[in-house]
Structures are given as structure tokens and as C-alpha cells.
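Report on the structure given below.
Nothing in this text is a laboratory measurement; each read-out follows from the coordinates by a stated rule. Since this is a predicted model, take the numbers as computed values, not measurements. All Cβ positions, even for glycine, are placed from backbone atoms using ideal geometry, and neighbour counts span all protein chains on display.
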Amino acid sequence: MLGMFLLGFMVYGYAVNQIIKIILWSKAKGDKLKAEMLTMEVYMDNLSIPKNIKNQIFTHIQFIHKQEKNRNIELEAKMRSKLP
């Protein structure tokens, strides 16, 4: 009986740990996007870039992040290095 409780506790702990890792990974990606957007905004303000061009650049940055969201660039590079 005690073994079943222990096994259940371990499985529950593992599941909670994985969920927390996913949440933290997602937050880190969002923070990276916010930092890039803020940096780009300051840079464009210093260059007096018109607002419509700024909006186009922000849209492009968001598009790039969305495209890279589900990619593992390191794994892709490893796989490409194995190709002839």
C-alpha cells in the first residue's frame, strides 16, 4: 500500500515538474519577444522612423517569432550536418 502511494506521488511530482518546465519555457520565449520589440522601438525612435514603417517592422518581428516558435534550430543544424 505504501509503495502505491509512493509511486503515485512520484508520478504526480514528475507531471507537475513537466508542466512547470513548459510554462517557464513559454514565458522565456515571450520575454525574449518583448525585449526585442522594446529594443527595436527605442532604435527606431532614435532614427525617427515613421509610425507606419514601425508597425510593419513589429508585424514582421512577430511573424518571425511565430515561425520559430515550434522549431528547434539546434536540432535542425545537427540534422543538416548529417546530410551529404
Exercise. For segment 19-47, how many residues are surrounded by 10 or more Cβ atoms within 10 Å (Cβ to Cβ) and among the polar types (S, T, N, Q)?
Worked result: 2
For this session: Inspect all residues belonging to segment 50-61 and state whether any of them is free of Cβ contacts under 8 Å to residues at least 60 places away in the same chain and within 22 Å of residue 23 (Cβ to Cβ).
Result: no
